[in-house]
Amino acid sequence: MALRTQFENRNDVGVFAKLTNSYCLTAIGSAENFYSVFEGQLRDHMPVIHCSIAGTRVIGRLVVGNSRGLLVPNSTTDQELQFLRLSLPEKIQIQRVEERLSALGNVIACNDYVGLVHPDLDRTTEELIADVLGIEVFRQTVAQQVLVGSYCVLTNQGGLIHPRTTIAEQEELASLLQVPLVAGTVNRGSDVISAGLVANDWTAVAGLDTTTTELSVIEGIFKIQMKGTNVMRSMSGVDSSSMENMMNH
């Protein structure tokens, strides 16, 4: 099942975390229940790494990655890069990217096979994405928005995209990406999908304001209702007040 949580009373959990099938990054901070949700879900399967990027905590907006690699902005410090190299699984390639559109998480959305990128992304960056992440890259918009990484979350199972994406565009994107897509929202109507949601092939974590209906759509498109129930049943990371909030939504 999918879980709901907050980062220091904020619902934009995707701003402060990056989740793939091989690793999870969470921002350095004081939100212990936020960390413990991810660790309760994932610690037996992958490293959950507490880190900063370019001295900030908005790591989900700055990086892009999948089970093969991780791309970080050029502003990432040598110390941060070295820490990530030591913390990530050995098979993960990590690469700094010299890119004017430096909030990589806002301008790139990908899974382990394909990716959507901002139409104005540098050609060298596109080549790095294809090489380091091992994916096929498409320059696209989502609902006429160039920030494809902000308005779309993809896994190998499916994708949740901006609610105003037309049926024709959904079909075109689904054909390119070769996964089913659904238009929807998170955090009680927010269209900035990736700010309020992280997902991989067996679990998802959304902001606490995400409604039961929104959560049902998330579980359906990412096919996680019955996957890895031994992983997903652990709610130990959610404190009692959060649990009460969940039950009331």
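The values are calculated or read from the model by the stated rules, or taken from the named source; none is laboratory data. Given the structure is predicted, the values throughout are model-derived calculations rather than measurements. Backbone-built Cβ (ideal geometry, glycine too); neighbour counts: all protein chains shown.
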Test: Ile224 is buried (at least 18 other Cβ atoms within 10 Å of the Cβ), modelled with pLDDT under 95 and closer than 30 Å to Gln95 by Cβ: yes
Residue match in segment 40-51 (condition: at pLDDT 95 or above, acidic (Asp, Glu) and surrounded by fewer than 19 Cβ atoms within 10 Å (Cβ to Cβ)): no
Identity of the residue in segment 52-65, among the small types (Gly, Ala, Ser) and more than 15 Å from Phe7 (Cβ to Cβ), that ends up surrounded by the most Cβ atoms within 10 Å (Cβ to Cβ): Gly65
Filtered residues of segment 136-147 (kept if assigned to a strand (DSSP E or B) and either closer than 16 Å to Ser175 by Cβ or hydroxyl-bearing (Ser, Thr, Tyr) (or both)): Glu136, Val137, Phe138, Arg139, Val142
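Conditions (1) out of contact with any strand residue (DSSP E or B) (no Cβ under 6 Å at 6 or more places or on another chain); (2) within 17 Å of Asn74 (Cβ to Cβ); (3) without any contact (Cβ under 8 Å) to a residue 24 or more places away in the chain, marked per residue:
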| site | (1), (2), (3) |
| --- | --- |
| Asn106 | yes, yes, no |
| Leu121 | yes, yes, yes |
| Glu126 | no, yes, yes |
| Gly134 | yes, no, no |
| Thr141 | yes, no, yes |
| Gln144 | yes, no, yes |
In segment 93-144, residue surrounded by the most Cβ atoms within 10 Å (Cβ to Cβ) [restricted to those that are within 12 Å of Gly69 (Cα to Cα) and of a type in the set (S, T, N, Q)]: Asn111
Residues (part of a loop (DSSP other than H, G, I, E, B) and of a type in the set (Gly, Ala, Ser)) located in segment 106-135: Gly134
Single unsatisfied condition, Leu101 versus (1) part of a loop (DSSP other than H, G, I, E, B); (2) in contact (Cβ under 8 Å) with a residue 40 or more places away in the chain; (3) of a type in the set (A, V, I, L, M, F, W, C): (2)
Restricting segment 151-184 to residues that are without any contact (Cβ under 8 Å) to a residue 60 or more places away in the chain and among the polar types (S, T, N, Q), the residue that is surrounded by the fewest Cβ atoms within 10 Å (Cβ to Cβ): Ser175
